[in-house]
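Trainee: Dropping a structure here in structure tokens format, bear with me for questions.
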Amino acid sequence: MVNLYSRLISPKKNRFTVKTSFVATWLILLLMNFGCTQKSPDGVQLQIKTIESGQSNGVYNVGGTTTLPESSRITVSAVRYLYPIDESIGSSLKSEADINRSILARQIVEVKQGQWQAENLNIWEVAPNGNYQEAWQANPSQKNLTPDTEIAFIVTYDHQNQNLALQKQEKEVRIEPRYEKLEGKLVRFTNEGEKYAQAIKTEAISLPVGKTTPPRPQPEDINGGWGNRYQIKSQSVVGSTQVSPPSRSRQTNAPLSPSEFLR
């Protein structure tokens, strides 16, 4: 009797086990397919990881990581924000419309195995008197502006800066151009509606101090680029042919001699 009862319920158990196994397998496949097709919620990644001082004054090395394609070209810039002073309130204006930006240095680097590195980014220059300064300090119209205490290191990626050879290669192998498919929180738009990705990291950097040997003035720095005109050396006459002195004889209708021809 027991054996008969066992035979009667056994098929039901097998059908239930097979059905449960099928549902579990279907759920696993569905999750795997969803995971493969789901895009990263953050989109393109472009991060600044390190900002380190170089071996010289005013020189910095900036590096980071990205998910952009290999050999992508990105622009690394160092920018100091400048604010005008409102004399009526005695403080600087910091609205977006009043901000001036001084680009201290700029360098284009390539992505290598998910990393990028800008080396020897020089944000200082030497004034004619030998003092170290930033670019905006040489502009008389910007000397009265209040500089921010921090420098913004800006990393920008856009389609226009890409190597034409790389674009051609992707077109030839029919790869979907990933430059135009930028998505994520780092994506911005130009006034023309073009997409670009940008990451910013600020670092507190004081204004330049110290002095060095004044640079020698170059001709392009004098007289609007013409240099000292009085220093231009007279050019020597090319060739050694001597011009015959003009004939002092009286007028005549005789044929000219070979020495009387204009040379």
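Trainee: Among the numbered conditions (1) modelled with pLDDT under 70; (2) within 27 Å of the chain's Cα centre (by Cα); (3) basic (K, R), tell me where K201 comes up short.
Mentor: The number of the failed condition is (1).
Trainee: Further question: I need the full set of residues from region 103-126 which are polar (S, T, N, Q) and either out of contact with any Gly (no Cβ under 9 Å at 6 or more places or on another chain) or not assigned by TED's automatic domain parsing to the domain that holds T66 (or both), in order please.
Mentor: Hits for region 103-126 are Q107, Q113.
Trainee: Residue check: is I108 among the hydrophobic types (A, V, I, L, M, F, W, C), in contact with a Ser or Thr (Cβ under 6 Å, 6 or more places away or on another chain), at pLDDT 90 or above and surrounded by fewer than 19 Cβ atoms within 10 Å (Cβ to Cβ)?
Mentor: Yes.
Trainee: Would you mind stating whether Q137 is outside any loop (DSSP other than H, G, I, E, B), surrounded by 14 or more Cβ atoms within 10 Å (Cβ to Cβ), of a type in the set (S, T, N, Q) and modelled with pLDDT of 95 or more?
Mentor: For Q137, the condition - outside any loop (DSSP other than H, G, I, E, B), surrounded by 14 or more Cβ atoms within 10 Å (Cβ to Cβ), of a type in the set (S, T, N, Q) and modelled with pLDDT of 95 or more - is not met.
Trainee: For region 161-184, check the following and say yes or no: at least one residue is exposed (fewer than 10 other Cβ atoms within 10 Å of the Cβ), part of a loop (DSSP other than H, G, I, E, B) and either at pLDDT 80 or above or in contact with a helix residue (DSSP H, G or I) (Cβ under 7 Å, 6 or more places away or on another chain) (or both).
Mentor: Checking region 161-184: not a single residue is exposed (fewer than 10 other Cβ atoms within 10 Å of the Cβ), part of a loop (DSSP other than H, G, I, E, B) and either at pLDDT 80 or above or in contact with a helix residue (DSSP H, G or I) (Cβ under 7 Å, 6 or more places away or on another chain) (or both).
Trainee: How many residues does region 49-85 hold that are buried (at least 19 other Cβ atoms within 10 Å of the Cβ) and more than 25 Å from Y132 (Cα to Cα)?
Mentor: 5
The values are calculated or read from the model by the stated rules, or taken from the named source; none is laboratory data. Just so it is clear, the model here is predicted, and its values are computed rather than measured. Don't worry about glycine lacking a Cβ; one is built from the backbone with ideal geometry, like all the others, and counts go over all protein chains shown.
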